[in-house]
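Since every read-out is calculated from the coordinates, none of them should be taken as a lab result. These numbers come from a predicted model, not from an experiment. Note: ideal-geometry Cβ built from the backbone for every residue, glycine included; neighbour counts use all protein chains shown.
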Amino acid sequence: MIAVLKNNATEEDKQKVIDLIEELNFEAHPNTGVEKTIVGVIGSPDNRTFLKEKLMTMNCVEKVVVISDPYKLTSWNFKQHKTVIDLGDGVKIGGDELTVMAGPCSVESREQILETARIVKAGGAQLLRGGAFKPRTSPYSFQGLGEEGLKYMAEAREETGLKIITELMDIEHIDVIMEYTDVIQIGARNMQNYSLLKAIGKLDKPVMLKRGMSATIKEWLLAAEYVMNEGNHDVILCERGVRTFGEETRNTMDLSSIPLVQQLSHLPLIADPSHGTGRWELVTPVARAAVAVGADGIMVEVHPDPQNALSDGPQSLKPANYNLMMDELRAIHKTLGSFKAREKKIAFA
Ligand code: PEP
Ligand code: MN
């Protein structure tokens, strides 16, 4: 259920609405937009009719809408404007600019991450990606450099000004990841790790939630609800492909999920054509398509020497191909600019 406040509602009015909601043991999630304040209400349906009637008697409440679909905080019903996550220094995710997060699958050494950071920065990326704690399919594969890797990433940020995104695998690593990163990545394998989702929901740090490899859109958005329900509303979604019966690509990149999720949710949406395809020669074409169907940005693996990468070499772009891709993505994004703005309006209508 949401309570939409009248245009002239004051801060005091908003607080009264919140107090009433909480008195009746519901959770209030206020959201102050440019034109309107909406207070999302979450709780058991038992007392809902009573609360609705009470809210409707309040002078400052314009209307109360019961939302029966499963998405609440992630949905356009809760928020009229697209979520734009501001990482500072002009880096925004979900805004008018295409966001690019680029870098190696894993941080392998100081030299490798610094060299890659310089390359991706020069090509126009705003964020440096790189795993320090790696979720590898085999326990015998390279597991990441841990905190040492995070230190090298922080050094790369210092030098290039790039923001950092890195994966958090376990609750026990929250403190160390929080110390270094600008955005926490939750990997596909952890999308339904609900205790981890609840824990990051309590943090004051943007989170990028990758789609689980067998997750439906509903499960994915509900995973985002877990994070938001704990108070952290800075959630970014990332489509990284799902597993099907095809063996020729690592995953099947679900391009249709991009416009669909944009219609269901105000959250920024990033596409990952590297894990989506598993093959470097498919990465640029699929990245082009993802931008064309409305992704707010791209996460892409880039390595100075993919043949000797410690993880995901076959899907990593060489620097020259990364630069070509960036030129193409910029051109596509520019052409679609006004179309994108129109699509966002359609999504809300
Ligand atoms: C990654 O981005 O390095 C990664 C492990 O991705 P995913 O969780 O999508 O498999
Ligand atoms: Mn990878």
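What to note about this one:
- Checking every one of the GluC sites (Glu not before Pro) in segment 1-105 against DSSP loop status and a limit of 14 other Cβ atoms within 10 Å picks out 35.
- Structure remark: mean-square fluctuation, Gaussian network model of the chain, C-alpha springs under 10 Å; the largest value among 221, 24, 98 belongs to 24.
- Order of 238, 105, 60 - criterion: other Cβ atoms within 10 Å of each residue's Cβ, fewest first: 60, 105, 238
- Cα long-axis angle, helix 11-23 against the chain (0 to 90 degrees, to the nearest 10): 90
- Peptide packing: for 153-162, 132-141, the average count of neighbouring Cβ atoms within 10 Å per residue gives the ranking 153-162, 132-141, highest mean first.
- Gaussian network model of the chain, springs between alpha carbon atoms under 10 Å - residue of 223, 199, 320 with greatest fluctuation: 320
- For segment 13-38 versus segment 105-148, the spacing of their alpha-carbon centroids is 42 Å.
- Shape analysis of segment 1-64 yields a ratio of the Cα radius of gyration to the Kirkwood radius, Rg/Rh, of 0.93.
- In this entry, segment 76-217 is assigned a mean projected area of 9.6 nm², taken as a quarter of its C-alpha convex hull surface.
- Spin-label model, residue 109 to residue 136: label points 7 Å out along the Cα-to-beta-carbon direction sit 1.7 nm apart.
- Helical runs assigned H by DSSP (4 residues or longer) give the chain a calculated mean residue ellipticity at 222 nm of -12000 deg cm²/dmol, each run adding -39500 (n - 2.57) before division by the residue total.
- For segment 68-75, 3J(HN,Hα) computed residue by residue from phi via the Karplus equation (6.51, -1.76, 1.60; θ = phi - 60°) reads 9, 6, x, 8, 10, 5, 7, 8 Hz, glycine and proline entered as x.
- Full-extension gain in nm, residue 27 to residue 158, via 0.36 nm per residue minus C-alpha separation: 43.1 nm
- In this simple spin-label approximation, residue 307 and residue 12 carry label points 7 Å from Cα along the Cα→Cβ vector, and these lie 7.4 nm apart.
- Judged by the gyration tensor of its Cα atoms, with axes a ≥ b ≥ c, segment 76-347 is rounded; a/c sits under the 1.5 cut.
- The local environment of residue 100, defined by Cβ-Cβ distances under 10 Å, has a net charge of +1 under the rule Lys, Arg +1 and Asp, Glu -1.
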